[in-house]
Amino acid sequence: MWVGWQQFSSVLAGKPVKPNTAAYWLWSAGGILLLPLLGCVLLLPLRSAVSPTDVAMLMLLWISAMALQFGKTPALLTTLWSVLLLNWCFVPPYYTLDVHDTNNFISFFVMAAFGLFISYLADRLRRQQEYSARQQLQVELEQQRAVLLRSLSHDLRTPLATIMGASSMLSDDALQLSDEQRRQQAQNIYQQSLLLNQHFEKVLELSKAQLMGDSLRRTSFSAADLMAGALARRPEDAALLAPICQQKLNADEQLFSGDAELLEMALANMLENALRHGAPPYQLQLNAANGWYQLRLCNSPGRKHTVQRDSGTGLGLRICQTVAALHQGRFALDTNERGVTALLEWPQ
């Protein structure tokens, strides 16, 4: 299976490859079999100048790199293969597995023991790093929950007060309201109910994202699939959002990887924010570069307006930040006089 340049650059940069993927098995197989063999072939012309011990030290360096990059099992297999290659190519008699000098048995044993030790140390280090990352994610989620409670108390206060005030006026027989005034109060109740419904939908989205923790359901999806899913989450604005999503993306037929459901939530909120607070032209891009997936939405500044008290305090922003954090990525919202750019990035 073909592995793209992004995966290749990630391996060269020393980034651990996600286990149980095609890239993991392809690169680990190459590291186990091909790289030690290539090293032996390159060292063969120098066989008279280097000792088997020197070659063993070089092989241990590669075993250490394999352990850090791919984990314990590939490092153990690399150790066994390297011992066989060392015996075959650099221990007399050459090109056989016979060993005439018993001292070489000690060298093989020491090399294998060091390889095992390095493998277990690297595996323990990887587990500690994963545990630290999960702990850091939990801390961030707890902080976001606290911010959510403060935001929610603010966002619900005004709509509830408006609904209570309007309903009390309609139910008070002592107040003589005209038909127009009654329609106005009923309209206020309806509008604020819609606003409450939007707030609750965002809270449910954010709660669902936070409850998933590190149990992401990673799948492959196309740009069109992601756009369609985001539009389905905002049916009331679909007619206005569809032209934005129908722009030509820089993704063509490329497939992307991630939790599609969470990324749909994030994109829906990015689109909604651009529609509510921005102005055309809109530019939506989804591409991959330097080992990262990038979802970018740009729009011109919206007209100057006074922020309403019930306009919310950024639940959509919290959703995007949470989705990015769960993917070990980042989300940024850049606002200046030229426009607004929302950028969601997550590693491949």
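Observations
- Among residues of the stretch 106-142, those that are more than 28 Å from Phe70 (Cα to Cα) and loosely packed, with under 12 Cβ neighbours inside 10 Å, counted: 1
- The stretch 288-348 holds strands (runs of 3 or more DSSP E) entirely within its bounds, and those carrying 3 or more residues that are at pLDDT 90 or above, among the aliphatic types (A, V, I, L, M) and closer than 26 Å to Gln246 by Cβ map to 339-347.
- Subset of the stretch 319-332 that is surrounded by fewer than 20 Cβ atoms within 10 Å (Cβ to Cβ) and either in contact (Cβ under 8 Å) with a residue 40 or more places away in the chain or hydroxyl-bearing (Ser, Thr, Tyr) (or both) - its residue that is nearest to Asn287 (Cα to Cα): Gln328
- Matching residues, the stretch 163-192, being at pLDDT 85 or above and over 52 Å from the mean Cα position of the chain (by Cα): Glu180
- Condition check for Glu264: within 12 Å of Leu295 (Cβ to Cβ), in a helix (DSSP H, G or I) and modelled with pLDDT of 85 or more: yes
The values are calculated or read from the model by the stated rules, or taken from the named source; none is laboratory data. Every value quoted in this text rests on a predicted model; they were computed, and no experiment measured them. Cβ coordinates were reconstructed from backbone atoms using ideal geometry, including for glycine residues, and neighbour counts include every protein chain displayed.
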